[in-house]
Structures are given as structure tokens and as C-alpha cells.
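The structure appears right after this line, and notes come after that.
What follows is calculated from the coordinates using simple rules that are stated; it is not laboratory data. All values reported here derive from a predicted model rather than from experimental measurement. Ideal geometry is used to build each Cβ from the backbone, glycine not excepted, and the neighbour counts take in all protein chains shown.
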């Protein structure tokens, strides 16, 4: 076992992010493959110019949900 394997941190659980305007939810685990965002894409990695597919809100209008 290499030193990288022994010191590896577990991956953070996937989160969901809700649009504060319309309530649509982005799920990091599911992504949005139809829009070119692969499953497992973290919210921080979603492009800044991305907008809500339901209402057009910006990323700034989303809030992480607590599960």
C-alpha cells in the first residue's frame, strides 16, 4: 500500500442545491447529463454562467439543502 492510499481522505458526500426562486433542485450525484454536466459534478464545478433550467436563475440564487 502506498503512502497516498493510507492517507487518503474519504470523499465528501454529494450535496443537493435548491433554487431559491422556483425550488428546482440540482443533485451533485445525478448531475445533468442532458445539459453536459456529468453525474458526480460538484456544485463548485458547475460553470458560473450556468442557469436554472426551470426559471433561469443564476448560481448565486441557489442554496445547499440539508438532508
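Of note:
- Listed candidates [x] 14.6, 49; [y] 31.4, 112; [z] 15.1, 56 - label of the one calculated as Rg and Dmax of the Cα atoms in Å: [x]
- GNM top mover of 32, 48, 18 - the chain, alpha-carbon springs below 10 Å: 48
- The chain, relative contact order in percent, only Cα pairs under 8 angstrom and at least six apart counted: 33 percent
- With R₀ fixed at 30 Å, the C-beta to C-beta distance from residue 48 to residue 11 puts the FRET efficiency at about 0.80.
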